[in-house]
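Shown next, in structure tokens, is the structure this report addresses.
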Amino acid sequence: MIMKGKKGLIVGLANNKSIAYGIAKSCAEQGAEMAFTYLNDALKKRVEPIAAEFGSDKIYELDVSNEEHMSGIAALIEKDFGKIDFLVHSVAFAPKEALSEPFLKTTKSAFAIAMDVSVFSLIDLTNRLESVLSDDASVLTLSYLGGPKYIANYNVMGVAKAALESTVRYMAVELGAKGQRVNAISAGPIRTLAAAGIGDFKQILNWNETNSPLKKNVTTDQVGNSAMYLLSDLASGVTGEVHYVDSGYNIMGMAAVEKREDGKTVLCWDERE
């Protein structure tokens, strides 16, 4: 069991459709012990049974924008675990209007909220947990292709993910001196609670499936398995990376297929006059 003896904190689990759920599932299957956070009382009743599913009764209320929550998280971890070996940061948010309105209409307030919750929270949380992170701890966050590339309707979240990926690199250098690692996974589109706020998300799913090399969308289990690898000692020489789990879509420079009027799907480069 690859993660036997490892203890970790999963931040941002919303339900059993979450990418964080897939990560927790894979880690649990490999022997890890975990604690979980929930945003508010409405989500607590969703997180409690998931924690129990993975053999854990350790759940903490944590709103990364709440100073009281953030200042107390390390003490809770120390009480229950002493130290932890990994941290999963699955937190992102932008006001609804910042995703539905044109990017140039993003307000200063919406921009600040997106950056604070989606990016600074990784830095802040890691700092707050410094005393309870083991010497070889692994920190993992979740990104998306909308950071380095333009994705329709992703708007300010794309800018936030770009900042998050840069944050991973800077943190990796500073924490690397301690022997600790920081990485990100850039997952392909998956139907999650967070994805529900992205306009035309069904079209994004269809496009990714049609044009990715593997001709399918990824699952939370597939992302979870890759995350488990990065969190485990198997990836002890890996840090500062953004690992794509998107059926290879990120390598494409043009659409691989096109739809003809007769409804037939053909490879662009195989079409002949």
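The set of residues from the stretch 74-83 being more than 18 Å from residue 38 (Cβ to Cβ) and either in contact with a strand residue (DSSP E or B) (Cβ under 6 Å, 6 or more places away or on another chain) or at pLDDT below 95 (or both) comprises just one member, 83.
The residues on offer are 86, 103, and the sole one that is in contact with a strand residue (DSSP E or B) (Cβ under 6 Å, 6 or more places away or on another chain) and closer than 30 Å to residue 249 by Cα is 86. Taking the criterion of being surrounded by fewer than 14 Cβ atoms within 10 Å (Cβ to Cβ) and at pLDDT 95 or above, the residues of the stretch 98-122 that qualify are 104, 105, 107, 108, 109, 112.
Inspection of the stretch 65-81 identifies no residue that is among the basic types (Lys, Arg), in contact (Cβ under 8 Å) with a residue 12 or more places away in the chain, out of contact with any Pro (no Cβ under 6 Å at 6 or more places or on another chain) and more than 15 Å from residue 228 (Cβ to Cβ). Of 177, 172, all but one fail to be in contact (Cβ under 8 Å) with a residue 24 or more places away in the chain and either within 18 Å of residue 244 (Cβ to Cβ) or not hydroxyl-bearing (Ser, Thr, Tyr) (or both); the exception is 172.
The set of residues from the stretch 132-163 being under 14 Å from the mean Cα position of the chain (by Cα), aliphatic (A, V, I, L, M) and within 15 Å of residue 249 (Cβ to Cβ) comprises just one member, 145. In the condition set (1) of a type outside the set (S, T, N, Q); (2) in a helix (DSSP H, G or I); (3) in contact (Cβ under 8 Å) with a residue 60 or more places away in the chain, residue 92 is compliant with all but (2). Return the total of residues in the stretch 1-38 being in a loop (DSSP other than H, G, I, E, B) and either at pLDDT below 95 or surrounded by 23 or more Cβ atoms within 10 Å (Cβ to Cβ) (or both). Adding up the residues that qualify gives 11.
Filtering the stretch 45-62 to residues that are of a type in the set (Val, Ile, Thr) and either free of Cβ contacts under 8 Å to residues at least 12 places away in the same chain or not in a helix (DSSP H, G or I) (or both) leaves only 59. With respect to the conditions (1) farther than 25 Å from residue 189 by Cβ; (2) in contact (Cβ under 8 Å) with a residue 24 or more places away in the chain, residue 100 lacks only one, and its number is (1).
The residue list 65, 71, 134 contains one member that is outside any helix (DSSP H, G or I) and either over 23 Å from residue 14 (Cβ atoms) or in contact with a strand residue (DSSP E or B) (Cβ under 6 Å, 6 or more places away or on another chain) (or both), which is 134.
The values are calculated or read from the model by the stated rules, or taken from the named source; none is laboratory data. Computed from a prediction, not measured in an experiment: that's the story for all the values here. FYI the Cβ positions are ideal-geometry reconstructions off the backbone, even for glycines, and counts take in every protein chain you see.
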